[in-house]
Amino acid sequence: MIGKDHVWTPLPEAELLGERLRDVNIKCLGLSLCGVTDHQVLRLIGRHVREARLKANMTQECLAELAGVHWKTISSIERGAYPVALTIFVRLCQFLETSPNRLVEGITVPDRQRTTRIKKALARQRAPARKR
């Protein structure tokens with residue numbers, strides 16, 4: 001949990017399991033837990049959208065009309081300045097005739113050890129089966 005002074009404290013569940021989660025809040029420091037920031041992810045997706053649009057010989061206006069958004073939205077997506085909604089992302093993939101995997105290609109894989117540690121620390125405990 002992050003307080004007003006942005007000091008990180010472990011979650012109660014993690015303390016109970018003896019885990020020390022060392023990561024700080026993403027929003028607080030602008031860091032990413034998987035090696036890239038949100039802005040870098042958006043820029044990468046934007047670059048791939050632009051490449052696919054140019055390959056399809058489309059203008060921003062044409063793609064915007066097909067996807068049902070304003071051309072300035074396409075411009076912002078391509079610059080990585082707009083956090084694209086999932087529904088728009090799907091429409092872009094459809095009209096650019098490309099796979100979603102292609103548009104997110106190159107994003108760093110999260111740290112597996114950290115992911116496993118957090119899943120273990122915060123896993124829901126299954127309630128014991130009731131006897132009838």
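Every read-out reported here was derived from the displayed coordinates using simple, explicitly stated rules and does not represent laboratory data. Keep in mind the model is a prediction, meaning the values are calculated, not measured. With ideal geometry, Cβ positions are generated from the backbone for all residues, glycine too; neighbour counts draw on all protein chains shown.
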query: From the square roots a ≥ b ≥ c of the eigenvalues of the alpha-carbon gyration tensor of segment 38-104, which class results: rounded (a/c under 1.5), prolate (a/b over b/c), or oblate?
result: rounded
field: Distance in nm between pseudo-label sites at Ala81 and Thr116 (7 Å out along the Cβ direction from Cα)
entry: 4.3
field: Cα→Cβ-extended label distance, 7 Å offset, between Ala56 and Glu97, nm
entry: 0.9
- request: Within segment 61-104, report the GluC sites (Glu not before Pro) that DSSP leaves as loop and that have at most 10 other Cβ atoms within 10 Å.
  value: Glu97
